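Following: one structure in structure tokens, then a few remarks.
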Amino acid sequence: MDAPTLQHRLARIVGAQHVLVDEADTAPYATDFRKRYFGRARAVVRPGSTTEVAEVVALCAETRTPIVPQGGNTSLCGAATPDTSGTQLVVNLSRMNRIRALDPVNNTVTVEAGCVLATLQHAADGAGRLFPLSLGAEGSCEIGGNLSTNAGGVQVLRYGNARDLVLGLEVVLPSGEVWDGLRGLRKDNTGYDLKHVFIGAEGTLGIITSAVLKLFPKPRAQVTALVALENVRAALKLLTHVQERCGDRLTAFELMSRICIEIVTRHIPGVQPPFDRSFPEHVLLELSDTQAAGNLTEVLEAVLEEALEAGIVVDAVIAASAGQAQKLWALRENLTEAQALDGKQVKHDVSVPISRIGEFIDAAQAELEKAFPGVRVVNFGHVGDGNLHFNVAPPLEMDDDAFMQQMRSVNRIVHDATVRHGGSISAEHGLGVYKREEILRYKSPLEMEMMRAIKRAIDPLGIMNPGKVL
């Protein structure tokens, strides 16, 4: 079928104003968040309902038109970007942004895939509830994308990844059929739990159009502290210490190395160094509770005093107000922007067992230094769940572009060390295009074939996000 005919049929489904074909209009949808991948879309279609998504997908199945599902286009691995062939149709769900229902008694919310994460957070807050998924792109990323990549974020330690927050899904299958799995049940043992097939699949098996998500009681008290430590192993001792004393009141436990603090305070206006001198490692931790604030502050003070006496911690500051807590969090939340301003880096999103974080970091840094003397490791992450953003910056005297030409070698060192220490080369960002070939080195042939078998069964025409993941 020629393009004008397809365009006309798409326009009849969603309205002509929601079918974009001019390159100037489609270009923003064909460029990934990091400006690493630049594609070319046959068209961008913006459906406004599940029925419209189903009709668009059915048309694509009929015409064998490949589909790239897209939400807020904040993917870090190129998963939501079309290729350069000009044959792929981007189906952007941003118009589908309604909160369909909020049930404070059942502690659930039913939301469409195009709803921005921050919007959902605010709606839950207005109902006296908490939706705990929280990440740097929350002002622009959308729920469908969060689920398609099984997003993590800073509160995973207590509440889990996106997968752990889902009770039900509505999905448009590659045939155009709609699977209605929007059940707000915490117990439903009636066969395979199909929703988990689509969570983390990066749009390769279908298009998530709506979800039933868990809500939680809204914390009445939060207390934040920044702790200075001599090394990563001390951070792991502190994690164990705080968990033993505070249990699930420990909401966040974020590791930041010395260079992270230096980069943020150098590039982000208004962000100040937290201590009078620099330290090798830092942990930003947060406790939250449904009880009054005073007791929680006293608990954290006592816990950190014990850690100081035991020699685990060398210094600490506890926020005395919400404003001070925001200033501490600014060190972590502005880190991605500061890295971009500091120059190019080879970025990694890895996970290893928490008990092996220290030996992994030591091994990876030693191997990188041997291969690239003077290399700088910008290491931070949600250490409470084993997820590290182990980013590698060039030596100060080396040109950024020249170093980026060594990306493959850098990846090999970091990823080999990750897997050697029992880890995964993708903790929360997915595979997309970036790691599609890389994963073949680390997954067994049997595991890859099982994934391909699922893909063939659900998407026999191979039209859903081709070239991604598999």
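Values for this structure:
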| quantity | calculated |
| --- | --- |
| Residue in segment 188-203 that is assigned to a strand (DSSP E or B), within 19 Å of the chain's Cα centre (by Cα) and crowded, with 16+ Cβ neighbours inside 10 Å present | no |
| Residue in segment 135-158 that is part of a strand (DSSP E or B), surrounded by fewer than 16 Cβ atoms within 10 Å (Cβ to Cβ) and among the charged types (D, E, K, R) present | no |
| Identity of the residue in segment 413-460, in contact with a Cys (Cβ under 9 Å, 6 or more places away or on another chain) and either without any contact (Cβ under 8 Å) to a residue 60 or more places away in the chain or of a type in the set (A, V, I, L, M, F, W, C) (or both), that ends up surrounded by the fewest Cβ atoms within 10 Å (Cβ to Cβ) | 436 |
| Qualifying position, being modelled with pLDDT under 95 and not β-branched (Val, Ile, Thr), among 113, 137 | 137 |
| Among the residues listed as 355, 351, the single one being over 19 Å from residue 77 (Cα atoms) and touching a residue at least 60 places away in the same chain (Cβ under 8 Å) | 355 |
| Test: residue in segment 212-232 that is of a type in the set (Ser, Thr, Tyr), part of a strand (DSSP E or B) and surrounded by 22 or more Cβ atoms within 10 Å (Cβ to Cβ) | yes |
| Residues satisfying the stated conditions in segment 46-71, i.e. in a loop (DSSP other than H, G, I, E, B), in contact (Cβ under 8 Å) with a residue 60 or more places away in the chain and surrounded by fewer than 24 Cβ atoms within 10 Å (Cβ to Cβ) | 64, 65, 66 |
| Condition met for residue 361 (in the same structural domain as residue 398 (by TED's automatic domain parsing), within 25 Å of residue 247 (Cβ to Cβ), among the β-branched types (Val, Ile, Thr) and out of contact with any Pro (no Cβ under 6 Å at 6 or more places or on another chain)) | no |
| Residue match in segment 267-280 (condition: closer than 25 Å to residue 351 by Cβ, touching a helix residue (DSSP H, G or I) at 6+ places or on another chain (Cβ under 8 Å) and among the β-branched types (Val, Ile, Thr)) | no |
| Total residues in segment 333-342, condition exposed (fewer than 15 other Cβ atoms within 10 Å of the Cβ) and touching a residue at least 12 places away in the same chain (Cβ under 8 Å) | 2 |
| Residue match in segment 82-93 (condition: outside the structural domain of residue 166 (by TED's automatic domain parsing), among the small types (Gly, Ala, Ser) and not in a strand (DSSP E or B)) | yes |
| Residue in segment 171-183 that is closer than 30 Å to residue 253 by Cα, outside any loop (DSSP other than H, G, I, E, B) and out of contact with any helix residue (DSSP H, G or I) (no Cβ under 8 Å at 6 or more places or on another chain) present | no |
| Output for segment 123-134, where each listed residue is on the phi < 0 side of the Ramachandran plot and in a loop (DSSP other than H, G, I, E, B) | 127, 131, 132, 133, 134 |
| Residue in segment 312-332 that is surrounded by fewer than 22 Cβ atoms within 10 Å (Cβ to Cβ), among the acidic types (Asp, Glu) and closer than 19 Å to residue 224 by Cβ present | yes |
| Selection count, segment 382-397, where residues are farther than 16 Å from residue 338 by Cα and touching a Phe, Trp or Tyr at 6+ places or on another chain (Cβ under 8 Å) | 5 |
| Residues satisfying the stated conditions in segment 94-122, i.e. in a loop (DSSP other than H, G, I, E, B) and surrounded by 24 or more Cβ atoms within 10 Å (Cβ to Cβ) | 96, 113, 114, 115 |
| Where residue 188 falls short, out of the listed (1) farther than 29 Å from residue 125 by Cβ; (2) free of Cβ contacts under 8 Å to residues at least 12 places away in the same chain; (3) not hydroxyl-bearing (Ser, Thr, Tyr) | (1) |
| Residues satisfying the stated conditions in segment 315-362, i.e. among the acidic types (Asp, Glu) and closer than 20 Å to residue 235 by Cα | 315, 333, 349, 359, 362 |
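The values are calculated or read from the model by the stated rules, or taken from the named source; none is laboratory data. Keep in mind it's a predicted model, so treat the numbers as computed, not measured. Cβ sites come from the backbone with ideal geometry, for glycine too, and all protein chains shown count toward neighbours.
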